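Okay, structure first, notes after.
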Amino acid sequence: MDAHRVKELIELLQQEWLKEPQLNLVDFLQKLAEEAKFKGELSELNDDVLFYHLKMRNSSEDELIPGIAKDYEEDFKTAILRARGMLDE
């Protein structure tokens, strides 16, 4: 993981962890994994799960994930036409 991603992950983690300072780091990571519906061992939790969960943790359930929202089309027909290059971006 490059330095930029490490810095971003630490910033996201710090913002949320400060809200629950009674938890130690491992307990907090376990809580995040459970919230994200991660089923594996904590040692198998990858940074992408943490990134997206921390970014989306305080958002509404119907809010789109950053990165997907830019490509989202509400109308299926428009999405197909745009994908085939028949509509301008």
### Hey, D48 at pLDDT below 90 and not basic (K, R) or not
yes
### Query
Does segment 17-24 include one or more residues that are open to solvent by 100 Å² or more (accessible area, probe 1.4 Å) and either closer than 30 Å to L87 by Cα or modelled with pLDDT under 90 (or both)?
no
### Residue satisfying condition, being assigned to a helix (DSSP H, G or I) and either of a type in the set (S, T, Y) or within 29 Å of E74 (Cβ to Cβ) (or both), within set K7, K55, K37
K55
### Query
What's the number of the condition L50 fails, among (1) open to solvent by 60 Å² or more (accessible area, probe 1.4 Å); (2) in a helix (DSSP H, G or I)?
(1)
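Looking only at segment 36-47, filter to residues that are loosely packed, with under 11 Cβ neighbours inside 10 Å and either of a type in the set (D, E) or under 16 Å from the mean Cα position of the chain (by Cα) (or both); which one of those is nearest to L9 (Cα to Cα)?
N46
The values are calculated or read from the model by the stated rules, or taken from the named source; none is laboratory data. What you see is a predicted model, and the numbers here were worked out from it, not measured in a lab. Because the Cβ atoms are built from the backbone with ideal geometry, glycine has one as well, and the counts that use them run over all protein chains shown. Accessible surface is based on the protein model in full, side chains and every heavy atom, while ligands, DNA and RNA are left aside. Shrake-Rupley method; radii C 1.70, N 1.55, O 1.52, S 1.80 Å.
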